[in-house]
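The values are calculated or read from the model by the stated rules, or taken from the named source; none is laboratory data. Predicted, not measured: the structure shown is a model, and the values here were computed from it. FYI the Cβ positions are ideal-geometry reconstructions off the backbone, even for glycines, and counts take in every protein chain you see.
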Amino acid sequence: MPGIGVDAVGDVRLLSRLKVNDGKKKTGTNTMADQNNNQTSALRRADRLSTVVLLASALLLIGLAGRVMWIQTHVTRADASSLHSQHDVRVTLMARRASIYTSDSTLIAGSVRVYNMFADPGYIFDPK
């Protein structure tokens with residue numbers, strides 16, 4: 001860790017630990033050349049990684065396109081009927097009658113879906 005010291009003249013200086021590397025004394029901070037080397041190696045790693053990701057994505061895309069082409073050219077009769085039933089569907093929808101409201105939003109005529117219905121013969125009037 002850096003410390004503060006006073007030399008013989010009385011100037012205050014920041015003292016740092018000295019690292020010994022191959023017999024050379026080196027300060028604790030990186031020199032400009034070391035920083036440039038670290039940056040270029042980081043850029044090389046990022047470049048290699050982006051190249052690998054790009055190539056993997058290209059291979060997956062080519063594989064997907066090949067699979068689609070194979071499906072388009074190799075369709076059996078069973079596959080064709082299955083695909084046709086998935087594509088074309090006929091559904092009968094019952095018409096729903098609209099409701100009629102008054103000017104003050106009171107319902108005067110509407111439809112109610114009923115699944116079970118019972119008619120009491122005592123309340124049915126015969127018009128004859």
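List of remarks:
- Against the test of being modelled with pLDDT under 75 and either among the aromatic types (Phe, Trp, Tyr) or not in a loop (DSSP other than H, G, I, E, B) (or both), the options Val9, Val52, Val20 yield a single qualifying residue, Val20.
- Any hit, region 65-80, residues being touching a residue at least 12 places away in the same chain (Cβ under 8 Å) and part of a loop (DSSP other than H, G, I, E, B): no
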